Amino acid sequence: MAAIKIRSLFSAFTCVAALISTAMVASAEEPYWNQFRGPHADGTSKATGLPVKWSEKENIVWKTPIHGRAWSSPVVWKDQVWVTTATKDGKELGVVCVDLNSGKILHDKKIFDVEKPQYIDPSNSHASSTPVIEEGRIYVHYGAYGTACLDTQTGDVLWSRRDYPCNHWRGAGSSPIIYKNLLILQFDGYDYQYVVALDKKTGKEVWKKDRDIDYKTKNGDFKKAFATPRVIEHEGRVQLISPAAKATLSYNPLTGDEYWKFYYPQHSAANRPLYDGEKIYIGTGFGKAHLYAVSPSGKGDVTESHVKWIEQKGIPSKPSQLLIDGMLFMVDDKGIASCLDAKTGKLIWKERMARSAFSASPIYADGKIYMADKTGLTRVIKPAKKYEELAANKLDDGCIASLAVAGKSIILRTENNLYRIENKKP
């Protein structure tokens, strides 16, 4: 009898341990929103229980003012939320860390002084590049103004680089990414166009690759770009998919050696690429954006051989797309939402929403798509074969930064404030 009780207790303990282990694995799947477009680099999250409705008086856990003018998106690691910021004139560049639980500011640090800031477009800011964060370290990037690595506990600068020239002309926008021991940066400016990989521990240069692109123009305004690259593995080959003006290129992320490229007419690419295991999806930027579906299996110039389809209508120049269940969802800069069949590029639906401009990229989480516009209105829609709006949530200020997810919360940055939004218990 005692043996049976012991076995029962042991069995119960094993079950509980298994449940705890499962819960830990589940919660450890995404304990962060570590970069532009989140942990999967595509704007999607596995989080559940997120809010659908909110306002200034509903489902706001905290609201923290953030000084300066900056369009970089928030990143989250455990109990910290980080954003970069800048003075409106661009002469001071900094970073702010907010406690996820309380909204209290933990660090507010100036990183760089800039004696002569470059010209920026009125729609841009001097701190539009989103940081990338990992355990113990955050990497902040301000284009040619400089890049720095900070200790996330103390806020101390561990290393910095300010020796990469680039006239961004209308402002920087590309965000840094991490691949293994490398911090990868893109500089696509009026005068110089190149990609750099730094040792993330020391800041030392590992490789630098000038763009091998025939721009077919001497006008540097058509050579700049704002896109953030991503790393994929296709048929056993690891590739850095790197959008630029007039072309997207594939590099070996460890060496910078070029695998392939394909050309398009547009410049100022800003969308982050998507990948579904077979094709990559590239939005081409300004000059009437197109969306390309391309097989990443080629070598050399693959413009004529590996492009599977092109769509020219309703493609956003700034906001990136979402890929969900074989469908591509997007909202263009003027507020026209659409859904395409990812296999063929054919239009499934198109919806002109209330007239408002969009810059932030939509996100997908908890079975819903969140689209935030420049007036501060976030629409929540279903990822379905017809347009269905679930909610339209208005905040006081406009939203240009893309949303982030932390647990059951949405982290949203407006022009003047940072919010944690979550379903409040009745």
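The values are calculated or read from the model by the stated rules, or taken from the named source; none is laboratory data. From a predicted model like this one, the values you see are computed outputs, not experimental measurements. As a convention, Cβ positions derive from the backbone with ideal geometry for all residues, glycine included, and neighbour counts pool all protein chains shown. Side chains included, ligands, DNA and RNA excluded: accessible areas come from the protein's heavy atoms. Shrake-Rupley method; radii C 1.70, N 1.55, O 1.52, S 1.80 Å.
For segment 196-210, check the following and say yes or no: at least one residue is among the aliphatic types (A, V, I, L, M) and open to solvent by 10 Å² or more (accessible area, probe 1.4 Å). There is at least one residue in segment 196-210 that is among the aliphatic types (A, V, I, L, M) and open to solvent by 10 Å² or more (accessible area, probe 1.4 Å).
Give, as residue ranges, the strands (runs of 3 or more DSSP E) completely inside segment 326-366 that count at least 3 residues that are of a type outside the set (Gly, Ala, Ser), over 26 Å from Ser73 (Cα atoms) and open to solvent by 50 Å² or more (accessible area, probe 1.4 Å). Can you show your working first?
Working: elements: 327-331, 336-341, 347-352, 363-365.
Result: 347-352.
The set of residues from segment 400-426 being part of a loop (DSSP other than H, G, I, E, B) and either modelled with pLDDT under 95 or farther than 19 Å from Phe36 by Cβ (or both) comprises Gly407, Lys408, Asn416, Glu422, Asn423, Lys424, Lys425, Pro426. The residue that is nearest to Val114 (Cα to Cα), among those in segment 158-195 that are surrounded by 18 or more Cβ atoms within 10 Å (Cβ to Cβ) and of a type in the set (A, V, I, L, M), is Ala172. Checking each residue in segment 91-102 for being among the aliphatic types (A, V, I, L, M), part of a strand (DSSP E or B) and over 19 Å from Arg161 (Cβ atoms) picks out Val96, Val98.
Among the residues making up segment 290-309, a single one is more than 17 Å from Ile241 (Cβ to Cβ) and touching a residue at least 24 places away in the same chain (Cβ under 8 Å): Trp309.
Does Val405 satisfy the criteria of being open to solvent by less than 30 Å² (accessible area, probe 1.4 Å) and in contact with a Gly (Cβ under 9 Å, 6 or more places away or on another chain)?
yes
Of all residues in segment 155-182, those that are under 16 Å from Tyr145 (Cβ atoms) and either in contact (Cβ under 8 Å) with a residue 12 or more places away in the chain or in a strand (DSSP E or B) (or both) total 18.
Checking the condition among the hydrophobic types (A, V, I, L, M, F, W, C) and open to solvent by 20 Å² or more (accessible area, probe 1.4 Å), which residue from Ile138, Ile133, Ile111 passes? So that I can check it myself, show each step before the final result.
Working: Ile138 fails: open to solvent by 20 Å² or more (accessible area, probe 1.4 Å); Ile133 fails: open to solvent by 20 Å² or more (accessible area, probe 1.4 Å).
Just one listed residue meets the conditions, Ile111.
Right, Val302: of a type in the set (A, V, I, L, M, F, W, C) and buried (at least 17 other Cβ atoms within 10 Å of the Cβ) or not?
yes
Ser268 meets the conditions (1) open to solvent by less than 50 Å² (accessible area, probe 1.4 Å); (2) closer than 18 Å to Val307 by Cβ; (3) in contact with a helix residue (DSSP H, G or I) (Cβ under 9 Å, 6 or more places away or on another chain) in every case but one. The failed one is (2).
When Ile315 is tested against the conditions (1) of a type in the set (A, V, I, L, M); (2) buried (at least 22 other Cβ atoms within 10 Å of the Cβ); (3) assigned to a strand (DSSP E or B), the lone failure is (3). Scan segment 175-191 and tell me whether some residue there is out of contact with any Cys (no Cβ under 9 Å at 6 or more places or on another chain) and of a type in the set (Lys, Arg). Taking every residue of segment 175-191 in turn, at least one turns out to be out of contact with any Cys (no Cβ under 9 Å at 6 or more places or on another chain) and of a type in the set (Lys, Arg).
Going by what's in this entry, would Val75 be described as at pLDDT 95 or above and open to solvent by less than 60 Å² (accessible area, probe 1.4 Å)? Criteria met by Val75. When every residue of segment 235-255 is checked against the conditions, none turns out to be over 18 Å from the mean Cα position of the chain (by Cα), modelled with pLDDT under 95 and either in a strand (DSSP E or B) or more than 14 Å from Tyr179 (Cβ to Cβ) (or both).
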